[in-house]
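The values are calculated or read from the model by the stated rules, or taken from the named source; none is laboratory data. Owing to the predicted nature of the structure, the values given are computational and were not obtained by experimental measurement. Note that we place each Cβ from the backbone using ideal geometry, even for glycine, and neighbour counts take in every protein chain shown. The area values use the complete protein model at the heavy-atom level, side chains included, leaving out ligands, DNA and RNA. Shrake-Rupley method; radii C 1.70, N 1.55, O 1.52, S 1.80 Å.
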Amino acid sequence: YHAKTKGKRHQYYLPTETDKPFQEVQLENDLRQAIERNEFYLAYQPQFSMKSGKIIGIEALIRWKHPQNGIIPPNDFIPLAEETGLIVQIGNWVLRRACEQIKDWNQRGYPPLHVSVNLSLGQFLDGHLVEMIRQILQETGIAPEHLQLEITESMTADVTYTIETLHQLKQLGVRISMDDFGTGYSSLSYLKNFPLDQLKIDKSFIKDVLKDEKDVAIVKTIIKLSHNLGLEVIAEGVENFQQLALLKENQCDKIQGYLVSPPISAEQIEEKYLQVP
Ligand code: C2E
Ligand code: MG
Ligand code: MG
Ligand code: MG
């Protein structure tokens, strides 16, 4: 702060509407109540098999329907949830809700889908994650392999802890995907040591893949790398047919993106993609 600004600020006792810290405090209070008030919901983005062209799973993506500010996307409140520790509660709600959705579809006889759920750092470091997931699997009775957890490279700084936690999760039978692959401080050694099932090619590499030869090289390499390691590979952010063709040509296993479908409601998933046999 410059002395002048500082002096000026001290003339006011009440925060103004444009005062950012005040807005943040407001948002934090709202976030605390959002679970009780039932303001979160999940959107589901389909994931498709390249081979069959059929839907094989969905990614659960959280949305916040704020009473005054309308729909808030995750990038605008997940960081605050991380800072305040609220992420643990919110993340548990997401896990439970996603598994309940799969259970509901199972019970109604729809063909099985897997659901991918994004984890946050705070959630991953929370000592109760494994137990929480065990409980949710038990309560909903869904097949553990139908739950896929998406972690990111930024969560894996403590390598020993990561390996231990991932092994515990694998023992429950769930699948692990490395989201936004290639954007973090990736080290190839973790691919050797983490029990992963899937790599998810970050959408930043897909975005310009038709214009940028380097992106082509990176995408091809990630697909090859995945297969050489016995991992499944999915591309996110697929927006046009040329990108799809390139991914198909290079044997990418699965795709997700606006080309096929944006995130939609559970009802829309049912209407568009699910038929009771
Ligand atoms: P993400 O896990 O990488 O999810 C993919 C994001 O890309 C989603 O944004 C999705 O709507 C968007 N997307 C899908 N297809 C396309 C496409 O073709 N082009 C482009 N440009 N974008 C596409 P969204 O829903 O806003 O989520 C943003 C991020 O917020 C997610 O990135 C994830 O890191 C985080 N997030 C979402 N839900 C949760 C959650 O329940 N828990 C946690 N911890 N994080 C979440
Ligand atoms: Mg994700
Ligand atoms: Mg993510
Ligand atoms: Mg991603």
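Checked against (1) within 19 Å of the chain's Cα centre (by Cα); (2) modelled with pLDDT of 95 or more; (3) over 23 Å from K254 (Cα atoms), M155 passes all but condition (2).
Of the residues making up segment 91-134, those that are farther than 14 Å from L169 by Cα and of a type in the set (D, E) are E100, D104. Applying the condition of being closer than 14 Å to Q47 by Cα and polar (S, T, N, Q) to segment 242-264 and asking which residue is farthest from ligand 4 (Cβ to nearest atom) yields S261.
Can you pull out the residues in segment 206-246 that are open to solvent by 60 Å² or more (accessible area, probe 1.4 Å) and in contact with a His (Cβ under 9 Å, 6 or more places away or on another chain)? Correct list: empty. The residues in segment 176-232 that are of a type in the set (V, I, T) and within 16 Å of ligand 3 (Cβ to nearest atom) can be counted, and the count is 4.
If you filter segment 136-163 down to residues that are touching a residue at least 40 places away in the same chain (Cβ under 8 Å) and under 21 Å from T183 (Cβ atoms), you find that the one that is nearest to ligand 4 (Cβ to nearest atom) is E150. The C-beta contact set for segment 245-267 (first residue on the phi > 0 side of the Ramachandran plot, second residue in a loop (DSSP other than H, G, I, E, B) and buried (at least 16 other Cβ atoms within 10 Å of the Cβ), distance under 8 angstrom, 6+ apart or interchain) comprises Q251/M50; G257/E236; G257/G237; G257/V238.
Is there a residue in segment 247-262 that is at pLDDT 95 or above, within 30 Å of K170 (Cβ to Cβ), aliphatic (A, V, I, L, M) and surrounded by fewer than 19 Cβ atoms within 10 Å (Cβ to Cβ)? So far as segment 247-262 goes, yes, one or more of its residues are at pLDDT 95 or above, within 30 Å of K170 (Cβ to Cβ), aliphatic (A, V, I, L, M) and surrounded by fewer than 19 Cβ atoms within 10 Å (Cβ to Cβ). When you check Q123 against the structure, is it assigned to a helix (DSSP H, G or I) and open to solvent by less than 20 Å² (accessible area, probe 1.4 Å), yes or no? Yes: the conditions hold for Q123. For beta carbons closer than 9 Å, sequence separation of 6+ or different chains, a first residue in segment 170-187 that is away from ligand 1 (no atom under 16 Å from the Cβ) and a second that is of a type in the set (D, E) and at pLDDT 95 or above, the qualifying pairs are K170/D197; G173/E145. Restricting E145, E131, E139 to those that are within 24 Å of W93 (Cβ to Cβ), open to solvent by 50 Å² or more (accessible area, probe 1.4 Å), touching a His at 6+ places or on another chain (Cβ under 8 Å) and part of a helix (DSSP H, G or I) reduces the list to E145.
The combined condition, being outside any strand (DSSP E or B), more than 18 Å from I87 (Cβ to Cβ) and modelled with pLDDT of 95 or more, is not fulfilled by G57. In segment 57-103, the residue that is least open to solvent (accessible area, probe 1.4 Å) out of those that are among the charged types (D, E, K, R) and without any contact (Cβ under 8 Å) to a residue 40 or more places away in the chain is R63.
The set of residues in segment 31-45 that are part of a strand (DSSP E or B) and either of a type in the set (V, I, T) or within 13 Å of F77 (Cβ to Cβ) (or both) contains only F40.
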